[in-house]
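To keep things clear, I will list the structure first and then write my remarks on it.
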Amino acid sequence: MVSDSLRSAIRDYIEANRLRLVSELQDFLRQKSISTENVGMDECARFLKWTSI
């Protein structure tokens, strides 16, 4: 179970970074990626690696 203080810290982080997080999510959703055809897989992997830093 998540403690109240951790939940509060997570909520504060999300609120403080909301615009950037939404922007990164929108960028991710725009990435063309069709795994069955191996289309955009490298680009998608690079994007995920970049955003995890």
Condition check for Arg30: out of contact with any Leu (no Cβ under 7 Å at 6 or more places or on another chain), modelled with pLDDT of 85 or more and among the basic types (Lys, Arg)
no
Inside region 23-47, can you point out the residues that are surrounded by 11 or more Cβ atoms within 10 Å (Cβ to Cβ) and either of a type in the set (A, V, I, L, M) or touching a Gly at 6+ places or on another chain (Cβ under 9 Å) (or both)?
Leu25, Gln31, Ser33, Val39, Met41, Ala45
Where a residue in region 16-34 is within 13 Å of Cys44 (Cα to Cα) and of a type in the set (Val, Ile, Thr) and its partner, wherever it lies, is surrounded by 11 or more Cβ atoms within 10 Å (Cβ to Cβ) and modelled with pLDDT under 95, with Cβ under 7 Å and at least six apart
Ile34/Gly40
Exactly one of these conditions fails for Ile10: (1) in contact with a helix residue (DSSP H, G or I) (Cβ under 9 Å, 6 or more places away or on another chain); (2) surrounded by 11 or more Cβ atoms within 10 Å (Cβ to Cβ). Give me its number.
(1)
Name every residue in region 13-22 that is exposed (fewer than 10 other Cβ atoms within 10 Å of the Cβ) and of a type outside the set (D, E, K, R), in order of residue number.
Leu19
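The values are calculated or read from the model by the stated rules, or taken from the named source; none is laboratory data. Since we're looking at a predicted model, the values are computed, not measured. Heads up, the Cβs are rebuilt from the backbone with ideal geometry, glycines too, and the neighbour counts pull from every protein chain shown.
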